[in-house]
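Encoded as structure tokens, the structure appears first; notes follow it.
The values are calculated or read from the model by the stated rules, or taken from the named source; none is laboratory data. Quantities reported herein were computed from a predicted structural model and do not represent experimental measurements. Counting neighbours? That spans all protein chains shown, and the Cβs are built from the backbone with ideal geometry, glycine included.
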Number of protein chains: 2
Amino acid sequence: MIFSLTLNAALDRFLYTDALIEDDTVRVDRVKDYPAGKGVDVSRVINELGGHSVAVAFLGGHTGKVIEEMLDDEGVVYATVRSEEETRTNILVQTGSGQYRMSLPGPVISVKEVYKLYKTIDVLLRKDDYLLLCGSIPEGVSSDIYAQLCSRMRKIGVNVYIDSDKEPFSKGVEAKPRGIKPNIHELQRLLNRELIGEIDFRKAISEVSNKYSIEEILLTMGAEGAIASVSGEFYRIRVPKVPVKSGVGAGDSFLAAYCMYRELGETVKTALKMAGAASSAAVMTPGTELCRFDDVMSLASKIAVEAL
Amino acid sequence: MIFSLTLNAALDRFLYTDALIEDDTVRVDRVKDYPAGKGVDVSRVINELGGHSVAVAFLGGHTGKVIEEMLDDEGVVYATVRSEEETRTNILVQTGSGQYRMSLPGPVISVKEVYKLYKTIDVLLRKDDYLLLCGSIPEGVSSDIYAQLCSRMRKIGVNVYIDSDKEPFSKGVEAKPRGIKPNIHELQRLLNRELIGEIDFRKAISEVSNKYSIEEILLTMGAEGAIASVSGEFYRIRVPKVPVKSGVGAGDSFLAAYCMYRELGETVKTALKMAGAASSAAVMTPGTELCRFDDVMSLASKIAVEAL
């Protein structure tokens, strides 16, 4: 079974308006809420693709309940670790010319709540399961939590993947997860240097892989597709041009599809092809909407995966 | 007793951030929620000034409950007419350079809910009470509701005031309320022509007063103070320069203080002086915060009310 973990879940509220005008009131024509947070996104993508996963997440207050109802409606299985403080609502304003995204402060998680999370993970996960540690860390939680969870779970034979950024990511990497899925910015921050061009990217991937013994590195590069290093083999994933509505969720879709097809026993190449299709399909949907099944299936044949 | 009516209540959520950047995510440092809607504001001002009123409002869902809790905390008495749909949350973004205000769609009010409102008003209000009809009209409610309520309540001797805009206001005016409190823009829209300068404003007030037999017209003009016509007498209210934080709620504060002091039996001049002080004090507070008692009292001596 695949388990996604979201420590910093959110409700993404998209406001649709013609324009924002300073010191004036504008009418919002439409409001659309989406459950959000990287791990939640990963589980929603797996669900959309017909797979199974459990979204483990800190959720609290009324907003937490709303997210649970949305996941219920979609048929996503979840295990809530209840937080006393309210889950945050991010505000995203879509105008005629562009998107303004505001990340709001979230709840402070207590030591007791972190303990409940550990217990939940310990009870749920078993050998050969997948644990995907996704996104940022809420206030009150130590930045080495991904490292701690990774060490703990690898010991019992769980396949751990980390998709995060900054300190939680760099500390997590040192705990030797089976896989990581950075984008270019996150890989640059991990190595603390600028990377330019594919040769540089491959060098960087080899460096991280060797230094931390990480078996699978999935580097997503937006419209440029992806480069993957799996068990010492390099793969280049090329994606077709698609009409771009919103880049939100493309990386999450990539990781979700890759892990889902690997867990189903598919080859690395097939898993990477479906990952490329899922991330391309995600950019075709507006807002925080993720990929749609039909788009993924029709794009799959247009994804080129070549062993380098 | 004074009753304010808010058909289109809202929670105003202020997000504080350095700047908004197109197609980028910015961090919101602080979030502050205020109960809002013109009638709710009026009742909060009366409460702050030590007076008594009942805020009658459509409230629904979790947001409605949050507004009730906030009013409880402040000590504002309210009579909720429960709506099935959720009360809206407006988004206001305060950046270093200015304010962006987004007015979100609210609940659709059902015929049954309008009937409940009428019943509430009929049960609560008695002869010589004040009914302040404030703000815009939610979807599902006829634009002549202020006119209907005004006719119904005047029959039993209730003093009706309307502070609204566009169709609900123009129809309401025809039902001959005792008073109205437009700002310059609202008065222009009511008369469907541009007004320039004080002589023009006075002519317009006389015209509306004569045409619709409206005894009290309170025209608020921002930093320029106000002009009032009460029982055929004209008054000019001049306000001092104050440090401006946010103009939100100044007009509501004016109407609230005026009606409160009239109901207490004060002279027109005293009521207008306190109204000027309350509206000036309101602009000194940030966000949707209204006037503070101490500011109103210290400003009162600086307000000049002269009979024209």
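Being charged (D, E, K, R) and surrounded by fewer than 22 Cβ atoms within 10 Å (Cβ to Cβ) is a property that B:LYS181 lacks. All of B:LEU124, B:LEU104 fail the test of being within 29 Å of B:TYR258 (Cα to Cα) and aliphatic (A, V, I, L, M), apart from B:LEU124.
For the residues A:ASP41, A:ASP33, the requirement of being more than 10 Å from chain B (Cβ to nearest Cβ), over 27 Å from B:PRO107 (Cα atoms), in contact with a helix residue (DSSP H, G or I) (Cβ under 9 Å, 6 or more places away or on another chain) and in contact (Cβ under 8 Å) with a residue 12 or more places away in the chain singles out A:ASP41.
The set of residues from region B:148-166 being surrounded by fewer than 16 Cβ atoms within 10 Å (Cβ to Cβ) and either modelled with pLDDT under 95 or not in a loop (DSSP other than H, G, I, E, B) (or both) comprises B:GLN148, B:LYS155, B:LYS166. Within region B:20-38, track down each residue that is more than 18 Å from B:THR288 (Cβ to Cβ), at pLDDT 90 or above and assigned to a strand (DSSP E or B). Within region B:20-38, B:VAL26, B:ARG27 qualify.
Considering region B:242-266 alone, what residues qualify as being over 12 Å from the mean Cα position of the chain (by Cα) and either touching a residue at least 60 places away in the same chain (Cβ under 8 Å) or under 18 Å from B:LEU219 (Cα atoms) (or both)? If the condition is that a residue be over 12 Å from the mean Cα position of the chain (by Cα) and either touching a residue at least 60 places away in the same chain (Cβ under 8 Å) or under 18 Å from B:LEU219 (Cα atoms) (or both), then B:SER246, B:GLY247, B:MET260, B:TYR261, B:ARG262, B:GLU263, B:LEU264 are the ones that fit.
If you take the residues in region A:30-49 that are surrounded by fewer than 19 Cβ atoms within 10 Å (Cβ to Cβ) and under 27 Å from A:SER164 (Cβ atoms), which one is nearest to the chain's Cα centre (by Cα)? Within region A:30-49, the match that is nearest to the chain's Cα centre (by Cα) is A:ASP33.
For B:ARG88, the test of being within 11 Å of chain A (Cβ to nearest Cβ) and either of a type in the set (Lys, Arg) or touching a residue at least 40 places away in the same chain (Cβ under 8 Å) (or both) is passed. Against the numbered list (1) of a type outside the set (Asp, Glu); (2) surrounded by fewer than 20 Cβ atoms within 10 Å (Cβ to Cβ); (3) within 14 Å of another protein chain (Cβ to nearest Cβ); (4) in contact with a strand residue (DSSP E or B) (Cβ under 7 Å, 6 or more places away or on another chain), B:THR120 comes up short only at (3). For region B:127-147, a residue qualifies if it is under 21 Å from B:ARG262 (Cα atoms) and surrounded by fewer than 16 Cβ atoms within 10 Å (Cβ to Cβ), and the qualifying residues are B:LYS127, B:ASP128. Selection of region B:201-233 for residues being within 21 Å of the chain's Cα centre (by Cα) and on the phi > 0 side of the Ramachandran plot yields B:GLY222, B:GLY225.
Residues in region A:284-308 that are among the small types (Gly, Ala, Ser), outside any helix (DSSP H, G or I) and either out of contact with any Leu (no Cβ under 8 Å at 6 or more places or on another chain) or free of Cβ contacts under 8 Å to residues at least 40 places away in the same chain (or both): A:SER301, A:ALA304, A:ALA307. Just one of (1) free of Cβ contacts under 8 Å to residues at least 12 places away in the same chain; (2) under 25 Å from B:VAL296 (Cβ atoms); (3) in contact with a Gly (Cβ under 7 Å, 6 or more places away or on another chain) fails for B:ASP73. It is (3). Scanning region A:14-29 turns up one or more residues that are within 14 Å of chain B (Cβ to nearest Cβ), surrounded by fewer than 22 Cβ atoms within 10 Å (Cβ to Cβ), touching a strand residue (DSSP E or B) at 6+ places or on another chain (Cβ under 7 Å) and among the basic types (Lys, Arg). Looking across region A:15-27, the residues that are free of Cβ contacts under 8 Å to residues at least 24 places away in the same chain and under 16 Å from A:GLY98 (Cβ atoms) come down to A:ILE21, A:GLU22, A:VAL26.
I'm told B:SER229 meets every condition in (1) part of a helix (DSSP H, G or I); (2) free of Cβ contacts under 8 Å to residues at least 40 places away in the same chain except one. Can you identify the failing condition by its number? Unmet condition: (1). Kindly establish whether A:TYR261 is outside any strand (DSSP E or B), at negative phi, among the hydroxyl-bearing types (Ser, Thr, Tyr) and modelled with pLDDT of 95 or more. Yes; evaluated as a whole, the condition is true for this residue.
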